[in-house]
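Below: the structure, in structure tokens.
Rule-based calculations on the coordinates, nothing more; no lab input. Since the structure is predicted, the reported quantities are computational estimates derived from the model, not experimental observations. Neighbour counts run over all protein chains shown; Cβ positions are idealised from the backbone, glycine included.
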Amino acid sequence: MSKIAVQKVREFRAEAKFQRSSPQKTKLVLDTIKGMRVEQALNTVHFSTKRMGPVVEKVLRSAIQNATYASQEQGLDIDVDNLYVRTAVANDGPRMKRIRPAPMGRAFRYQRRLTHIIVTVAEKKPATEAVAIAPKPEATEMTSAKPVAKKPAAKKAPAKKAAAKKAATKKVATKKEAK
């Protein structure tokens, strides 16, 4: 067995449930901030023209506060400047069934969609710390000890074609000289 040194990355999340918007419209805002640094994501969401911008901003600020609170409570060394948005998801919530009056006493049904928003932030570690070194696997009984057969060299058929071509050109050349 090989031992791999992997450092666990702490994630901090915040949720906003039962928001009055469709998941499709909310995902438009969330897709703009995925993978961004927290400060840049806050600026992006704050100046967004979408109606769900302020709600997403509130959830993002809550996730940041969760990270700072957890770092103080558990004694973790977390730098808020190194946080980035790891995941930002808008899931379906329950649907509210509504009725719209229609002509001739009929009623048309429609649905009001609700959204559950989940934002996860994590600390971005420097590349030198995050690299895990794994030793080379040693040969065991499970591996086959048979040598691997090499592929044969190029076939001789192309060489025969080339030789035939040269012979044909020689014949043509000797016929021209004879005339």
Problem set entry | Estimated distance in nm for a label pair at Lys17 and Lys125, the labels positioned 7 Å out from Cα along Cα-to-Cβ | 3.2 nm
For this session: Calculate one ³J(HN,Hα) per residue across the range 68-74 by plugging θ = phi - 60° into the Karplus curve 6.51 cos²θ - 1.76 cosθ + 1.60, and present them in order as whole Hz with x for glycine and proline.
Result: 5, 5, 5, 5, 6, 5, 9
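Rounded to the nearest 0.05, what FRET efficiency do Gln24 and Asp81 give with R0 = 45 Å and r taken as the Cβ-Cβ distance? Could you check? All intermediate terms of the calculation are to be shown ahead of the outcome.
Values: r = 33 Å, r/R0 = 0.73.
Efficiency computed from Cβ-Cβ geometry: 0.85.
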For this session: Only Lys, Arg, Asp and Glu count, each charged at its Cβ (+1, +1, -1, -1), so figure out the dipole size of the range 11-128 about its Cα centre, rounded to 20 debye.
Result: 1360 debye
Problem set entry | Per-residue HN-Hα couplings for the range 22-35 [Karplus 6.51, -1.76, 1.60; θ = phi - 60°; Hz; x = Gly/Pro] | 6, x, 5, 6, 5, 5, 4, 6, 5, 5, 6, 9, 4, x
